[in-house]
Ligand code: GUN
Ligand code: ZN
């Protein structure tokens, strides 16, 4: 069973419950070859802090001495490792070194009998160059074996491998079938050749296809991924576990792993590394070490580099800058840059997991930043949810200092004095209606002052779309006094555009969906503003406090009175999370909604959305912030679905 603790999009920090206790993900499982131990498992546990390793049951089973030892003492005693031990089935060996007489039932039972915590099905490794027919036929066998293994696993957790070569539909289908079985971990398999040949863009497609078909409450293991330069990207796409034989294999080859790539000691001119293994050594010293010692030092370096990168990735999940980290990491190698660009194809899928806002501002790192789902989200909501005020003139501004509405105040006032106008700003997100200038990520984003060509082209293109698509009687681009003179000739009278009221309405629809403003603001609206900065704090309707506006991200915090109005005005299941009767009292008292009590939810709910917790009769129970998507709420057995702020 898995519990989600923190997340950013598909990336997540989870707790996997095993009989050896809890395993925190994302995590790396160093591969232990029981016949050739480079770093002792005990050292991995005590010194490095690895809480899980992976070893190969096929190697153990094929060596009579080790086999008897494992059966007699159990894996943990034999390897002297107190943490979680996962075993692989021998799929990879039999695939690489020719068919061996392996039987799924026997190898699964063997893993169970030697006390493996997570055993693996004997899946069929489908190569990237296999035909679709051959791949499909092999998946049938993999699925049948997975079904058989699920019956045999006993107390052991079972890893059922998603195969499907490079065919997204087969990957997704295989993942869906596995999700119906009693399986605990879902590795994505058959990807080693993609990684070895730097086909990272295809790797992205494979991971996304698998994620689409997998249940969200199971950890996803990227089989054979052990290079730290891949971790950030793979975690961003929802991978939770990795295994590395590379740390030892590369070390035996005198190769150091860095976030920038892998380098041979012969080619290196200096060893600039402060990891615990390298500290105090220079390159000449390492070169002069006897081979076994050199291999051990490089292996330790490789493990520290991997470990530190996973810690960095976890920090990024908590702080909300994982996209920035991934974009930096993907500049280590052109093939990773291809992968980053390839993510653009999957924007619509990623948007479903895109939070309403983040603590961290959005930093532009290059043209690939436009692939982030935050850009798609803004454009999509503008089209689907935003309604232009019916003014005569639509005035467009070049992008000024943020927040736009404050910088443009004097210009807007002079325009409104002579014409009935509304205002937009041309930004890298597309045209931004002035009243939405403070919602995430418009205000909370940073671009270089000197705009690159892609940004300029993109901005110009979207400005042009606006010029063609608007429904004002007249559109104009602000050019100072000249524009005022021009307006004086054409327009009759002054404008009544009230940015505060427009903001209150636009944010409601943008955040809660079309029709929300009407439902929420039906009555006499009054605003409480902060005294020192001219900013909306609270919105009252007929004297009732319905929402507060957050300074950090420009969105609303819902109050009970506001929730009641939205419930009345927006049909079910809009913005609702439905809970079972036995949860109702609990949540009314202000306590969080746990997944196991959720019976349904709006599929349009996004992470960090303000939601209404209701009972089966659609009566308000509480308000709070969604921590999961609908599918996740319905799937997870454990963990918080809605962080409740106020019970009704
Ligand atoms: N190790 C690396 N790739 C694979 C795979 O596809 N299946 C199994 N069982 N182990 C692997
Ligand atoms: Zn080092």
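The values are calculated or read from the model by the stated rules, or taken from the named source; none is laboratory data. Since this is a predicted model, take the numbers as computed values, not measurements. We place every Cβ from the backbone using ideal geometry, glycine too, and count neighbours over all the protein chains shown.
Observations
- Every condition in (1) under 25 Å from residue 491 (Cβ atoms); (2) at pLDDT 95 or above; (3) in contact with a helix residue (DSSP H, G or I) (Cβ under 6 Å, 6 or more places away or on another chain) holds for residue 412 except the one numbered (3).
- Qualifying residue in the range 97-107 (condition: crowded, with 17+ Cβ neighbours inside 10 Å and out of contact with any strand residue (DSSP E or B) (no Cβ under 7 Å at 6 or more places or on another chain)): yes
- When the range 223-237 is filtered for residues that are buried (at least 24 other Cβ atoms within 10 Å of the Cβ), in contact with a strand residue (DSSP E or B) (Cβ under 7 Å, 6 or more places away or on another chain) and farther than 21 Å from residue 38 by Cα, the ones remaining, listed by number, are 231, 234, 235, 236.
- Residue within the range 39-46 that is within 16 Å of ligand 2 (Cβ to nearest atom), modelled with pLDDT of 95 or more, in a loop (DSSP other than H, G, I, E, B) and on the phi < 0 side of the Ramachandran plot present: yes
- The residue pairs whose first member lies in the range 212-225 and is part of a helix (DSSP H, G or I), whose second member is surrounded by fewer than 22 Cβ atoms within 10 Å (Cβ to Cβ), and whose beta carbons are closer than 8 Å, counting only pairs six or more residues apart or on different chains, are 212/172; 212/349; 213/172; 213/173; 213/176; 213/179.
- Of all residues in the range 247-259, those satisfying the criterion of being more than 12 Å from ligand 2 (Cβ to nearest atom) and either crowded, with 22+ Cβ neighbours inside 10 Å or over 20 Å from residue 222 (Cβ atoms) (or both) are 248, 250, 252, 253, 254, 255.
- You will find that of 170, 230, 194, the residue that is farther than 17 Å from residue 340 by Cβ, more than 16 Å from ligand 2 (Cβ to nearest atom) and assigned to a helix (DSSP H, G or I) is 170 and no other.
- Just one residue in the set 309, 354, 285, 272 is within 16 Å of ligand 2 (Cβ to nearest atom), touching a residue at least 60 places away in the same chain (Cβ under 8 Å) and out of contact with any strand residue (DSSP E or B) (no Cβ under 7 Å at 6 or more places or on another chain); that residue is 309.
- Filter pass, residue 101 being farther than 17 Å from residue 20 by Cα, assigned to a loop (DSSP other than H, G, I, E, B) and more than 16 Å from ligand 1 (Cβ to nearest atom): yes
- Annotation: residue 154 fulfils all but one of (1) away from ligand 1 (no atom under 12 Å from the Cβ); (2) in contact with a strand residue (DSSP E or B) (Cβ under 8 Å, 6 or more places away or on another chain); the unmet one is (2).
For (1) in contact with a strand residue (DSSP E or B) (Cβ under 7 Å, 6 or more places away or on another chain); (2) in a helix (DSSP H, G or I); (3) within 16 Å of ligand 1 (Cβ to nearest atom), each residue gets a yes or a no:
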site	(1), (2), (3)
267	no, no, no
281	no, no, no
295	no, yes, no
313	no, yes, no
318	yes, yes, no
328	no, yes, no
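- Residue check for residue 426: touching a residue at least 24 places away in the same chain (Cβ under 8 Å), part of a loop (DSSP other than H, G, I, E, B) and in contact with a helix residue (DSSP H, G or I) (Cβ under 8 Å, 6 or more places away or on another chain): no
- Of all residues making up the range 62-93, the number that are crowded, with 19+ Cβ neighbours inside 10 Å and modelled with pLDDT under 95: 3
- Unique match (being under 29 Å from residue 513 (Cβ atoms) and within 28 Å of the chain's Cα centre (by Cα)) among 433, 441: 441
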